[in-house]
Each structure stands twice: as structure tokens, then as C-alpha cells.
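Each reported figure results from applying straightforward, stated rules to the coordinates on display, with no laboratory input. Since the model is a prediction, treat every value here as computed from it, not as a measurement. Every residue, glycine as well, gets a Cβ built from its backbone with ideal geometry; the counts of neighbours run over all protein chains shown.
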Amino acid sequence: MLTDIVFWVLAVIAVAAGVAVFVVDSMARATYALAASFVAVGLSLLLMNLEFIGVITVLMMVMEMAIMAIYMIMFMGMNPALMPMNMVHSAKGALSVAVGTFAVLATGALFIPWPSRRGVTGTDLTVALGEALMGPKMLVMITVSPVLFATIVAAIVLAAPSGRYDRLGDDLRRRSATARRPEGVQR
Amino acid sequence: MTLQTVLLVAAALFSVGLYGAISQQVVVMVMMGLELMLNGVILAAAGFWWFLSPAPDGQVLLLVVITAMTVEMAMGFGVATLLHRSRDADMTDMATDLSQ
């Protein structure tokens, strides 16, 4: 009973905060609302005994939203990030698509005859997850690791101000590049 | 708390995120919409795991979804930075030529 009450409270917070992301006046508030939604979902995972996944969801998303807030202030400037804004296009069409998607998903959730529960949870799910990743589910680990490494490299390449071709042109053997801006004491 | 209720909440989160991903003009807000959609996917996956087959190995699926979310975020920030640096654009409407 208590679990049900907690779940519904968290569910209402998660959805309300999710709606608030696109309703509130400023982008900074939208970031906080998204963080609240993620925290509510992370706490819901704890109700399903997913301690490790729930905690990393909360920790990761809070940090991510902090970075997102910095990005918004960086790109939009301090004032636009905190001032009222309404930058949408084809809002009615998007709303129709969203409502239609919810109707289809909700219909499936309510009317599909889901099978009954099979299997039991282990005693320590965090240890079990680690053992699964290092044992029978090693393929997931092998796939995820290079993907994350490739993501780091790709993100740095994309975000770097210039590559060596930008700096040196076609002559990559030059020892030093032409300064992008005048440098030194006599500039 | 039943599987149906968990899936309903997940569907609501996914739909709200979909609305944001389609309707928002600012690149970072589009990313927030995608994040919200994946938030719903995480909840739905957890619900499936808990109510249908709570074997310990099933948690790996959730880890994959969280990894996908991380990759999406990192690449999104990278692309947003590149767009901003190369053409001073922070809105999707300012980069429509990329689809051609």
C-alpha cells in the first residue's frame, strides 16, 4: 500500500515535471524541471529493487542537467536563459502526434494480455549485475565500452575549435601553425 | 503499482518528450525532449523487468538504455557546440540546410 502511494506520488511528479519542461518560462527552470523528472523516475526504480540503476540514474541526470544549464547559459547568454521564452514551431501538429502516441501506447499497455511473472530476483542485484556484465552478458560490455570511447573521441573532435588541417592547411609538416589571431608583444 | 500503471506513466513521459523533440526550436530543448523520451523508456524497461521477468541479468537492458542516453547527450552537446561555433546557430531552424 505504501509502495503504491509512493509510486503514484513519484509518477505525478515525474510527469508534471516533464510537462513543466516545455511550459515554464525560462530554459533554466526547464532544466531544473527535467532534473526533477529524472530524480522521480530514479526513485521509482528503487521501488523495484533496482538500487544501483536507480542511484546512477539520479546521480548521472543531476550532473547532466547541471552541464545542460551551463550550456544554455553559454549559448543563449545569461539573460535569455533566465528570461521568458517561447520558441516552438508547429506546436499543434506536435501536440497531435504526442497525444496520438500516448493513446497508442496506453491502449497497448492496458489491453495487451501481459504474461505472468516468471523467475525471482537475486539477493544482491548490484553484485548480480556486475557478474552478468563480466560473465554471460559480456557482449554488452564489449559493445558498450568501445561505443563510449568512440563517443568521447567524436564529441571532442566535434567540439574542438580547429583540427590540424585548419591550423596548418595542406602543409602538415610545418613545425608551427600560423596564429589564428595576432599574438605576441608586437601584435 | 502494476505493470499497466508503470507503462502508462512511461507512455506519458515518452509522449511529452516526443512533443518537445518535435516542437522545440532551440537545439538544447530538443535534446531535453529526447532525454524525456528515454526517461520513459527506462521506466518501461524497469517495469517489464520487475513485473515479467525479474532475473538479475535483465538489469543489463537498463544499463544499455542509460548508455544510449549518455551517448545521445554527449554527441548532442558536441554537435550543438559545433553549430554554435561554425555558424552561430542555436536553433534548429537555423540549420535546416543540413537536411538537404
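Computed from Cα positions, the angle between helix B:3-23 and the longest principal axis of chain B comes to roughly 0 degrees.
Under conditions of 10 °C and 1.306 mPa s, the protein assembly as shown yields 76 µm² s⁻¹ as its translational diffusion coefficient, taking Rh as the Kirkwood radius over Cα pairs in the Stokes-Einstein equation. What is the helix-to-structure angle for B:27-52, meaning the angle in degrees between its Cα long axis and the longest Cα principal axis of chain B, kept from 0 to 90 and rounded to the nearest 10? Relative to chain B, helix B:27-52 is tipped by roughly 10 degrees. With distances taken between every two different alpha-carbon atoms, segment A:1-86 has a Kirkwood hydrodynamic radius of 13.5 Å. As a proxy for reagent exposure, B:E35, A:E51 were ordered by neighbouring Cβ count within 10 angstrom, fewest first; the result is A:E51, B:E35.
Note on A:E51 and B:S86: the model spin-label points, each 7 Å out from Cα along the C-beta direction, lie 4.7 nm apart. Over the C-alpha atoms of segment B:3-95, the Rg to Rh ratio, Rh being the Kirkwood estimate, stands at 1.10. Peptide A:148-155 has a mean of 4 when you count, residue by residue, the C-beta atoms of other protein chains within 10 Å of its C-beta. Exposure proxy ranking for B:R85, A:R118, A:R173, based on other Cβ atoms within 10 angstrom of each Cβ and starting from the fewest, stands as A:R173, A:R118, B:R85.
Electrostatic bookkeeping for A:L125 treats Lys and Arg as +1 and Asp and Glu as -1; over the other residues with beta carbon under 13 Å from its beta carbon, the sum is -4.
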